[in-house]
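Enquirer: Mind having a look at this structure? Questions to follow.
The values are calculated or read from the model by the stated rules, or taken from the named source; none is laboratory data. A quick note: this is a predicted structure, and the numbers were derived from the prediction, not measured. FYI the Cβ positions are ideal-geometry reconstructions off the backbone, even for glycines, and counts take in every protein chain you see.
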Amino acid sequence: MTTTASLAPAAAAVLTPWGEAAEGLPGAAGVNLPKVRGFVGSRFSPLVHAVAASCLGAPDAFAATGSPDAPAGERTGIVLATQFGDTTTTDTSTQRVMDGQVHNPLLFFQSVTTSVLGHVAKVYGITGPVSCVSGTTALASEALAMAEAVLGSGDVDRLLLVGVECAPNERADWVHTTLSSGPASGPDALPAGDVAVGLLLRRATGGEGPVLGRPVLGRPVPGAWAEAFGWLVPLVVAAETHAGAAP
Amino acid sequence: MAHEVAITGYGVFTGFGFGARALREGVFAGRSAFRPVTRFDTAPFHATYAAEYTGEGPGIPGVSVGPGSTPGQSEVLLACARAALEMAGTDAVDAPVLIGTNGDHSTGRRFWEDRRAGRAPGAVRSLDSLAGRIPQRIAEDLGLRGPRLAFVNACVAATNAIAHAARLIHSGAATTVVCGGASMVTEDVFARFDSGKALTQEAAVRPFSADRSGLLQGDGAAVLVLESAALAAARGARILGRVAGWGMASDAHHVVQPHPQGAGLAAAARIALRRAGLAPERIGYVNAHGTGTPLGDVAETSALRTVFGEHVSRVPVSSTKGSTGHMLEATGGVEAVITLLALQDGLLPPTLGMREPDPACALDHIPDTARPASVTYALSLNAAFGGVNAALVLERARPTDGGEPNDREEPTV
């Protein structure tokens, strides 16, 4: 489940929102992310929406990439990978219940990871399969392998892979540190801050530019990347590989 | 080379208790598992019922549950996985573990309770608030060395896990996969659904009924062992049935509401049928998502009309959520097992709570009482927020499948 030699990125984006920690890194943003209507209080859904939009471009332009026989939306799927998901929404909900407060219905809707993907799907007319996965071991590799499997099934021609993690809150930090027997590094580490990576992937057929094999994904990266991107480093490498190959 | 996908084992848990016997004595016998919630005070909420397991009915091996206690997802999944692997007669050491779960909410709450009380969060179970930890723990405890993934896409999560497992086996990327899902009734999730006015205040869910007023939650967990049919046959395993087709599709319509004509659900079903190589007329039973919500049931009916055309009036349909409640991330796994039992037993489970059929949901419903029918292929459907839809086509075991009947399988009641 962990080969990726048949994947090629058609578009890519990295978002490492504002702040000192993001300076000099791929995707560092100078301004706050735009809000997504109906989603409140958490940066998770705006991150997902923004990185998806960066990959897919304007909805009209995206639609124009299809054909009558293979409409762009119908032939595109989505896989979202995250270790902890929207911890802000989840833990805010939990603490409101503990406090006996009336629950906010908006938190109910956005606590479900598929909701923001439903928004993305509506904007771009994406009717292919949508999956959301979490894992504690080599999640980036597993997400790429899943993308490869979905593309290999023939159900879609392109797949938007979104890797996303918000800055760990107290629970996420405790769970992650406990599971790792200390601050984790390497392929399972949590990023220090908010990160989202989008890769619009297709099956490699030859001659289309970089292909995401192990030599590409495993190449040495600047030391600051490990702390900034954690488990998402291979996805950032893939995105930067695409950016480096772009004219 | 494409590989057929066999089901060789399962373990299942609902509000009726553990195992197939609990389902046969509950769902197939026309009983409902709803009762007043015992795990938390429902005074702040509109709804007061859920399909909790309180210790009545077949117990969970190794897990003690009584009124007021919430079984842990990992513990129940482990019991299900052990039962499934024992039934399959394999240790599946290289199997991927794919589990539909959004994390164990009761453990996340325990973390914050510990923090507020100034205690170190000492409970190992608090780790299970991370969804990805749950398949990891199952794999570690059972010695399964394959990749581990949690599927967190809400009410299609377990269906997606099964579909991905089938995809991996079909393509040859894996030979055996352990897959399923789990969700328990917890105050956190109950509060969220209650705030969204998704829960009924009644003690019953009424799928497809004119007076339906919402869903109720239920405990649920299921683990299936899927493997290459050729491999299963070669080792003399009993093939219980097949995952003949699977499909997923999105509505591209709304953040939470289903497409009014069930476009994505129909597309998912058509993909699953196409993959199975079947005309819709070959389907002899549909286990519907059927949550009992006003919009969802109409959308699903429209989807079935789109898929089956004029034949729709001759396809028996039931929603077993009138019996088990909605088991969220587990629901597709439990319903796959229910559908498999229907194929094995030649008995189609009923829809409970149907007082007056909604003309907008006119189908060949199976109200109140199970219907005997010999069925070869069945369709199981699920849908989630964000307009995400999933479908499975299950095939009854073939007479030529052979394999020794597994005496560890539970007897039919």
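Conditions tested, residue by residue: (1) buried (at least 21 other Cβ atoms within 10 Å of the Cβ); (2) in contact with a Phe, Trp or Tyr (Cβ under 7 Å, 6 or more places away or on another chain).
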{"site": "B:Arg314", "(1), (2)": "no, no"}
{"site": "B:Val317", "(1), (2)": "yes, no"}
{"site": "B:Gly325", "(1), (2)": "yes, yes"}
{"site": "B:Leu343", "(1), (2)": "yes, no"}
{"site": "B:Met354", "(1), (2)": "yes, yes"}
{"site": "B:Cys361", "(1), (2)": "yes, yes"}
{"site": "B:Pro367", "(1), (2)": "no, no"}
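Enquirer: Just one of A:Gly128, A:Gly27 is within 19 Å of the chain's Cα centre (by Cα), of a type outside the set (D, E, K, R), modelled with pLDDT under 90 and crowded, with 19+ Cβ neighbours inside 10 Å; which is it?
Expert: Details: A:Gly128 fails: modelled with pLDDT under 90.
When all the criteria are applied, what remains is A:Gly27.
Enquirer: Go through the residues of the range B:23-42 one by one and say whether even a single one is touching a Leu at 6+ places or on another chain (Cβ under 7 Å), of a type in the set (A, V, I, L, M) and either buried (at least 16 other Cβ atoms within 10 Å of the Cβ) or at pLDDT 95 or above (or both).
Expert: Yes, the range B:23-42 has at least one match.
Enquirer: Cβ-Cβ distance below 7 Å, separation of 6 or more or different chains: which pairs start in the range B:367-391 with a residue that is without any contact (Cβ under 8 Å) to a residue 60 or more places away in the chain and end on one that is β-branched (Val, Ile, Thr) and buried (at least 24 other Cβ atoms within 10 Å of the Cβ)?
Expert: Correct list of pairs: B:Pro367/B:Thr351.
Enquirer: So which residues in the range B:79-114 are free of Cβ contacts under 8 Å to residues at least 60 places away in the same chain, farther than 22 Å from B:Val65 by Cβ and facing chain A (nearest Cβ under 7 Å)?
Expert: Narrowing the range B:79-114 to residues free of Cβ contacts under 8 Å to residues at least 60 places away in the same chain: B:91, B:93, B:103, B:107, B:110-114.
Still in the list and also farther than 22 Å from B:Val65 by Cβ: B:91, B:93, B:112, B:114.
Once the filter is applied, which keeps residues that are free of Cβ contacts under 8 Å to residues at least 60 places away in the same chain, farther than 22 Å from B:Val65 by Cβ and facing chain A (nearest Cβ under 7 Å), the range B:79-114 yields only B:Trp112.
Enquirer: Here is a follow-up. In the list B:Pro147, B:Pro135, B:Pro207, which residue meets the criterion of being buried (at least 24 other Cβ atoms within 10 Å of the Cβ), at the interface with chain A (Cβ under 9 Å from one of its Cβ atoms) and closer than 25 Å to B:Thr324 by Cβ? Steps first, answer last, please.
Expert: Numbers: B:Pro147 fails: closer than 25 Å to B:Thr324 by Cβ; B:Pro207 fails: at the interface with chain A (Cβ under 9 Å from one of its Cβ atoms).
Every option except B:Pro135 fails the conditions.
Enquirer: Can you name every residue in the range A:56-109 that is within 7 Å of another protein chain (Cβ to nearest Cβ), in a helix (DSSP H, G or I), free of Cβ contacts under 8 Å to residues at least 60 places away in the same chain and not hydroxyl-bearing (Ser, Thr, Tyr)?
Expert: If the condition is that a residue be within 7 Å of another protein chain (Cβ to nearest Cβ), in a helix (DSSP H, G or I), free of Cβ contacts under 8 Å to residues at least 60 places away in the same chain and not hydroxyl-bearing (Ser, Thr, Tyr), then A:Gln95, A:Val97, A:Met98, A:Pro105, A:Phe108 are the ones that fit.
Enquirer: Of all residues being closer than 27 Å to A:Phe108 by Cα and assigned to a loop (DSSP other than H, G, I, E, B) in the range B:116-165, which is modelled with the lowest pLDDT? Just the residue, please.
Expert: Going through the qualifying residues, I end up with B:Ala123.
Enquirer: Could you check the range B:162-195 and list, in sequence order, the residues that are in contact with a helix residue (DSSP H, G or I) (Cβ under 6 Å, 6 or more places away or on another chain), within 8 Å of chain A (Cβ to nearest Cβ) and either closer than 22 Å to B:Gly11 by Cα or without any contact (Cβ under 8 Å) to a residue 24 or more places away in the chain (or both)?
Expert: Passing the criteria: B:Arg167, B:Ala174, B:Arg192, B:Ser195.
Enquirer: I'd like to know if the range B:370-378 contains one or more residues that are surrounded by 24 or more Cβ atoms within 10 Å (Cβ to Cβ) and assigned to a loop (DSSP other than H, G, I, E, B). Steps first, please.
Expert: Going through the range B:370-378, the residues surrounded by 24 or more Cβ atoms within 10 Å (Cβ to Cβ) turn out to be B:378.
Pick out the ones that are also assigned to a loop (DSSP other than H, G, I, E, B) and you get none.
Among the residues of the range B:370-378, not one is surrounded by 24 or more Cβ atoms within 10 Å (Cβ to Cβ) and assigned to a loop (DSSP other than H, G, I, E, B), which makes the answer no.
Enquirer: Considering each residue of the range A:118-138, count those that are in contact with a helix residue (DSSP H, G or I) (Cβ under 7 Å, 6 or more places away or on another chain), in a helix (DSSP H, G or I) and at the interface with chain B (Cβ under 7 Å from one of its Cβ atoms), and give that number.
Expert: Residues meeting the conditions: 1.
Enquirer: OK, next. Based on this model, can you work out whether B:Ala50 counts as of a type in the set (A, V, I, L, M), crowded, with 21+ Cβ neighbours inside 10 Å and part of a helix (DSSP H, G or I)?
Expert: On the way: of a type in the set (A, V, I, L, M): yes; crowded, with 21+ Cβ neighbours inside 10 Å: yes; part of a helix (DSSP H, G or I): no.
Against the criterion (of a type in the set (A, V, I, L, M), crowded, with 21+ Cβ neighbours inside 10 Å and part of a helix (DSSP H, G or I)), B:Ala50 does not qualify.
Enquirer: Does B:Ala252 count as closer than 16 Å to A:Arg75 by Cα, within 11 Å of chain A (Cβ to nearest Cβ) and in a loop (DSSP other than H, G, I, E, B)? So that I can check it myself, show each step before the final result.
Expert: Values: closer than 16 Å to A:Arg75 by Cα: yes; within 11 Å of chain A (Cβ to nearest Cβ): yes; in a loop (DSSP other than H, G, I, E, B): yes.
So B:Ala252 passes the test.
Enquirer: Now for a separate question. Would you mind finding the one in A:Val197, A:Val211, A:Val150 that is in contact with a strand residue (DSSP E or B) (Cβ under 6 Å, 6 or more places away or on another chain), within 14 Å of chain B (Cβ to nearest Cβ) and either under 30 Å from B:Leu168 (Cα atoms) or at pLDDT 95 or above (or both)? Let's see the steps before the verdict.
Expert: Values: A:Val197 fails: within 14 Å of chain B (Cβ to nearest Cβ); A:Val211 fails: within 14 Å of chain B (Cβ to nearest Cβ).
None of the other options fit; the residue is A:Val150.
Enquirer: While we're looking at this one, here's another question. Does B:Gly262 satisfy being at positive phi and away from chain A (no Cβ under 14 Å)? Break it down stepwise before answering.
Expert: Numbers: at positive phi: yes; away from chain A (no Cβ under 14 Å): no.
The answer is no for B:Gly262.
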